[in-house]
Structures are given as structure tokens and as C-alpha cells.
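Report on the following structure.
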Amino acid sequence: IDMIKLSEIKEALEASSINSRCYYNKKTNEILWSWDDNQEYSTYDEEDETNDDIVFMFDFFTKNDYDIMQDFISSISNDTLRNNLFNATRGKGAFHRFREITDYNNITNDWYKYQDNEYKKIAEEWCRDNKVEYEKDC
């Protein structure tokens, strides 16, 4: 039996948006999408709701990028930079201000590596929780 690749699960997590949810068909190893604003692109439909082989995967809130960002900030050893980032990420525009500071301090790549690693952890945890075998390819 084919196994799904961890990279495919991680990509589904990354692609999740405020207008979408993704599901996994355990029998076919397919990732299905439900789009609120683009029903014609949805591969998940009402009939799938009664299919026991299909399990919910992710939506926008699963990845919680704000919490991941806060954890990244906590990992920074430079007190001034860490405090500047914490202060910049309060309120509306947090991600934009965060990105400006990471760019200015040349740590944007560190952030992307951290975020990527956290997405892998979420993907692996989802597999364990849903008893889905996967190929570790990333």
C-alpha cells in the first residue's frame, strides 16, 4: 500500500487558508479540499461527510502561525532583539512588523527554517493522531 509523503501533508498545512479546509482519504491517500469562496475547485463535497475513510486534516487555525512566531521570538537569545520582536507583534499588523524586523536583522531565513520545522512537527503529530502511515521525505 502506498504511503503519503510527509511533505504532502506539510504542504496541505501550509496551503490552508482562512477560506479552506483540507481532508484526507485514508483509502485513496488523497488530500481533498473544501474552498468556501471557490466551490468549483473543491474536491471535498457533502457526500464525503459520511465517508469514514475521510478525516479532517487542517484549516487556517490549525497551524496557528502567531503562536509559532511567538515561540520563535522566545528562542532568540539577544534580549534587545527578542523584546523588540515581542513588542512589534502586538496588535494589528504583527506579521508585517515582525517581517520588517527579521529582515533588518538578517534572521528571516532562521524564521523560515523554524516555521518549516514546526509545520513538520504538526504534520507528524496529525499522522500519529489519525494513525496515518507516512513516508518521511522532508
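When ASP36 is tested against (1) over 22 Å from the mean Cα position of the chain (by Cα); (2) farther than 24 Å from LYS5 by Cα, exactly one condition is not met: (1).
Each row is one residue, and each column tells you yes or no for (1) surrounded by 13 or more Cβ atoms within 10 Å (Cβ to Cβ); (2) farther than 15 Å from LEU13 by Cα.
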site	(1), (2)
ASN29	yes, yes
LEU32	yes, no
ASP52	no, yes
SER75	no, yes
ASN87	no, yes
THR102	yes, yes
ASP110	yes, yes
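Answer yes or no as to whether PHE61 is in a helix (DSSP H, G or I) and modelled with pLDDT of 95 or more. In short, no. Selection of the stretch 54-73 for residues being open to solvent by less than 50 Å² (accessible area, probe 1.4 Å) and either more than 19 Å from the chain's Cα centre (by Cα) or more than 20 Å from CYS127 (Cβ to Cβ) (or both) yields ILE54, ASP65, MET69, GLN70, PHE72, ILE73. For the stretch 18-28, the criterion of being part of a strand (DSSP E or B), of a type in the set (Lys, Arg) and out of contact with any helix residue (DSSP H, G or I) (no Cβ under 7 Å at 6 or more places or on another chain) is satisfied by at least one residue. Scan the stretch 88-125 for residues that are hydroxyl-bearing (Ser, Thr, Tyr) and not in a helix (DSSP H, G or I) and jot them down. Listed by number, the list holds a single entry, THR89. When residues in the stretch 52-80 are screened for being farther than 16 Å from ARG128 by Cα and among the β-branched types (Val, Ile, Thr), 4 of them pass.
Selection of the stretch 9-25 for residues being under 15 Å from GLU135 (Cβ atoms) and of a type in the set (Lys, Arg) yields only LYS10. For GLU47, the criteria (1) of a type outside the set (Gly, Ala, Ser); (2) under 30 Å from ASN105 (Cα atoms); (3) over 19 Å from the mean Cα position of the chain (by Cα); (4) not in a loop (DSSP other than H, G, I, E, B) hold in every case but one, which is (2).
Every condition in (1) loosely packed, with under 15 Cβ neighbours inside 10 Å; (2) more than 12 Å from the chain's Cα centre (by Cα); (3) under 21 Å from TYR114 (Cα atoms) is met by PHE98 except one, and the failing one is (1).
Taken over the stretch 9-27, the criterion of being surrounded by 18 or more Cβ atoms within 10 Å (Cβ to Cβ) and either of a type outside the set (S, T, N, Q) or closer than 16 Å to ILE54 by Cβ (or both) is satisfied by ILE9, LYS10, ALA12, LEU13, SER20, ARG21, CYS22, TYR23, TYR24.
Residues in the stretch 1-31 that are more than 24 Å from TYR112 (Cβ to Cβ) and touching a Cys at 6+ places or on another chain (Cβ under 7 Å): 0 in all.
The values are calculated or read from the model by the stated rules, or taken from the named source; none is laboratory data. Since the model is a prediction, treat every value here as computed from it, not as a measurement. Note: ideal-geometry Cβ built from the backbone for every residue, glycine included; neighbour counts use all protein chains shown. Side chains are part of the model used for accessible areas, which takes the heavy atoms of the whole protein and leaves out ligands, DNA and RNA. Shrake-Rupley method; radii C 1.70, N 1.55, O 1.52, S 1.80 Å.
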